[in-house]
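Engineer: Could you have a look at this structure, given as structure tokens, before my questions?
The values are calculated or read from the model by the stated rules, or taken from the named source; none is laboratory data. Owing to the predicted nature of the structure, the values given are computational and were not obtained by experimental measurement. Cβ sites come from the backbone with ideal geometry, for glycine too, and all protein chains shown count toward neighbours. SASA here: full protein model, heavy atoms, side chains in, ligands and nucleic acids out. Shrake-Rupley method; radii C 1.70, N 1.55, O 1.52, S 1.80 Å.
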Amino acid sequence: MDLVNQFLNGLREALSTEELEELNTASGATKEDIETLKSEYPNCPESLICLLDNIDGTYWRKYGESEIAVCILGSDVEEGKYPYYLLSTQQMLESSKEEEDVSYLLEYDEEAVDSKINPEGLLPGMYIHFSDCMNNGGSSRLYIDFNPSDEGVCGQIIRFLHDPDEYEVIANSFDEYLQDLIDCGFIFLENEEQ
């Protein structure tokens, strides 16, 4: 897929030498894992599948004898300068089983939950949690949402940010999300703390 190849080429140019060496030890997901993801999430974007075919996660992910922790994604946090890891296919399948409740936010601050997001929250089987921020996911996570409100679109990208908690739609699709990262020149890698 051209978009993913364009993303990966730009990413490799933007990474430091050490990060690139680390990322080069990564390999793609197994066919079985990809088939499980596609089976459980029939709407899974082809661009995510293509990305996982190349790199099956960068979040403390073991590849043979090597363990890597390389941030390769970003979001709108800190003007786009906050880096994120890609979860592995197995991590996505495991971490997408729980309900992500947004009702506690709607009770006291409706603006903390984007109106494009279903007020029932992110329901099991209706989203893919695909990325955690460099702070081990505690501060921010990224999701593909297959159950939006009437104002949203199926496949939209949601960014959760902690303290103060908020859920925001940052792209209408995974393709748009990757294109945004390319267009911003991989700015999220510029100030990454090692």
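Engineer: Carbon and sulfur atoms: what percent of the 1.4 Å accessible area of the stretch 1-100 do they account for?
Structural biologist: Answer for the stretch 1-100 is 41 percent, counting heavy atoms of protein chains only.
Engineer: Ok, one more. Going down the table (Lys31/Lys97; Lys31/Lys81; Lys38/Lys62; Lys62/Lys116), which pairs top 26 Å between alpha carbons?
Structural biologist: Lys31/Lys81; Lys62/Lys116
Engineer: From the phi of every residue in the stretch 46-51, what ³J(HN,Hα) in whole Hz does the Karplus formula 6.51 cos²θ - 1.76 cosθ + 1.60 yield, where θ is phi - 60° and glycine or proline is x?
Structural biologist: 4, 5, 5, 4, 4, 4
Engineer: With a 1.4 Å probe and every protein chain left in place, tell me how much accessible area Met1 has, in Å² to the nearest 10.
Structural biologist: Rounded to the nearest 10, the figure is 90 Å².
Engineer: In what order, largest first, do Thr25, Thr58, Thr17 sit by accessible area if the probe radius is 1.4 Å?
Structural biologist: If we order Thr25, Thr58, Thr17 from most to least accessible, we get Thr17, Thr25, Thr58.
Engineer: Can I ask one more? Against the longest principal axis of the chain, how steep is helix 31-40, in degrees 0 to 90 to the nearest 10, with axes from Cα atoms?
Structural biologist: It is inclined by approximately 10 degrees.
Engineer: Next question, about the same structure. If ligands, DNA and RNA are left out, what is the accessible area of Val169 with a 1.4 Å probe, given in Å² to the nearest 10?
Structural biologist: My reading of the accessible area for Val169 is about 20 Å².
Engineer: Using only Cα atoms and rounding to the nearest 10 degrees, what angle (0 to 90) does helix 2-14 make with the longest principal axis of the chain?
Structural biologist: It works out to around 70 degrees.
Engineer: Roughly how many Å² is the accessible area per residue of the stretch 30-95, as a whole number, for a 1.4 Å probe?
Structural biologist: 46
Engineer: If the chain were replaced by its equivalent ellipsoid, with semi-axes equal to the square roots of 5 times the Cα gyration tensor eigenvalues, what would those be, largest first, whole Å?
Structural biologist: Working through the eigenvalues yields semi-axes of 26, 19, 15 Å.
Engineer: Estimate the FRET efficiency between Glu176 and Ser115 by the formula 1/(1 + (r/R0)^6), using the beta-carbon distance for r and 25 Å for R0, to the nearest 0.05.
Structural biologist: 0.85
Engineer: Go through the stretch 14-116 and name the GluC sites (Glu not before Pro) that are in a DSSP coil and have 15 or fewer other Cβ atoms within 10 Å of their Cβ.
Structural biologist: The qualifying sites are Glu65, Glu98, Glu99.
Engineer: FRET efficiency for Ser103 and His162, Cβ-Cβ distance as r, R0 = 22 Å, nearest 0.05?
Structural biologist: 0.85
Engineer: In debye, nearest 20, what is the charge dipole magnitude of the stretch 38-194 about its Cα centre with +1 on Lys and Arg Cβ and -1 on Asp and Glu Cβ, if you could check?
Structural biologist: About 700 debye.
Engineer: Right, next: What's the center-to-center distance, using Cα atoms, between the stretch 48-100 and the stretch 1-46 in Å?
Structural biologist: Cα centroid to Cα centroid, the span is 9 Å.
Engineer: For a quick check of your reading of the filter: which trypsin sites (Lys or Arg not before Pro) in the stretch 84-142 sit in a DSSP loop and have no more than 12 other Cβ atoms within 10 Å?
Structural biologist: Lys97
Engineer: I need the phi-derived Karplus couplings for the stretch 108-124: 6.51 cos²θ - 1.76 cosθ + 1.60, θ = phi - 60°, integer Hz, Gly and Pro marked x.
Structural biologist: Whole-Hz 3J(HN,Hα) from phi for the stretch 108-124: 10, 7, 4, 6, 6, 10, 3, 5, 7, 9, 4, x, 6, x, 8, 9, x.
Engineer: Once amide H atoms are built 1.01 Å from N in the peptide plane, which residues 5 or more positions from Asp165, or in another chain, come under 5 Å H to H?
Structural biologist: Correct list: empty.
Engineer: Mind giving me the nanometre distance, one decimal, between the label points for Lys81 and Ser39, set 7 Å out from Cα along Cα→Cβ?
Structural biologist: Output for this residue pair reads 4.6 nm.
Engineer: Another one. For the stretch 153-193, which semi-axes, largest first and in whole Å, follow from the square roots of 5 times the eigenvalues of its Cα gyration tensor?
Structural biologist: Output for the stretch 153-193: semi-axes of 20, 18, 5 Å.
Engineer: Here's something else I'd like to know. Using the Cβ atoms and a cut-off under 11 Å, what net charge is assigned to the surroundings of Cys184, where Lys and Arg are +1 and Asp and Glu are -1?
Structural biologist: It works out to a net charge of -4.
Engineer: Add -39500 (n - 2.57) for each DSSP H run of 4 or more in the chain, then divide by its residues: what number comes out at 222 nm, to the nearest 500 deg cm²/dmol?
Structural biologist: Taking each H run of at least 4 residues, the total per residue is -9000 deg cm²/dmol.
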